[in-house]
């Protein structure tokens, strides 16, 4: 199955910024989970930038929630920033938007 997304991670001043690009679905959910766990291990704050993500499905939501729980368990702050369009609607419809974002995260 063709990968439909890419990522870029930068770490600066104690914050890992994971920028995601494309469409994230079941095919990439496991790799996404591993990527988020690696970012959690690298910095006390993790921001997942969704500005360039056009699609997510329930498996990706699960990866985000699992990463959030893992981050919380280890004292790391993990937030999703810049969710737009379909991604924002899915996060809002499932009720997890407030848990995974902050008021200043592009909401």
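The values are calculated or read from the model by the stated rules, or taken from the named source; none is laboratory data. Small disclaimer: the values here were computed from a predicted structure and weren't measured. Note: ideal-geometry Cβ built from the backbone for every residue, glycine included; neighbour counts use all protein chains shown.
Assorted remarks:
- Taken together, 28, 33 contain a single residue that is at pLDDT below 95 and under 13 Å from the mean Cα position of the chain (by Cα), which is 28.
- Looking only at the stretch 1-40, residues that are touching a helix residue (DSSP H, G or I) at 6+ places or on another chain (Cβ under 7 Å) and closer than 24 Å to residue 77 by Cβ come to 13 in all.
- Hey, residue 8 farther than 18 Å from residue 71 by Cα, surrounded by fewer than 18 Cβ atoms within 10 Å (Cβ to Cβ) and within 13 Å of the chain's Cα centre (by Cα) or not: yes
- The stretch 39-52, residues that are more than 16 Å from residue 13 (Cα to Cα) and within 10 Å of the chain's Cα centre (by Cα): 49, 50
- Looking only at the stretch 11-37, and only at residues there that are in a loop (DSSP other than H, G, I, E, B) and in contact (Cβ under 8 Å) with a residue 24 or more places away in the chain, the one that is surrounded by the most Cβ atoms within 10 Å (Cβ to Cβ): 24
- Among residues of the stretch 44-63 that are over 17 Å from residue 6 (Cα atoms), those with a Cβ under 6 angstrom from a residue that is part of a helix (DSSP H, G or I) and at pLDDT 95 or above, sequence gap 6+ or separate chain, pair up as 46/39; 46/40.
- Checking 52, 89 one by one, the residue that is modelled with pLDDT of 95 or more and in a helix (DSSP H, G or I) is 89 and no other.
- Residues in the stretch 71-86 that are part of a helix (DSSP H, G or I) and touching a helix residue (DSSP H, G or I) at 6+ places or on another chain (Cβ under 6 Å): 71 only.
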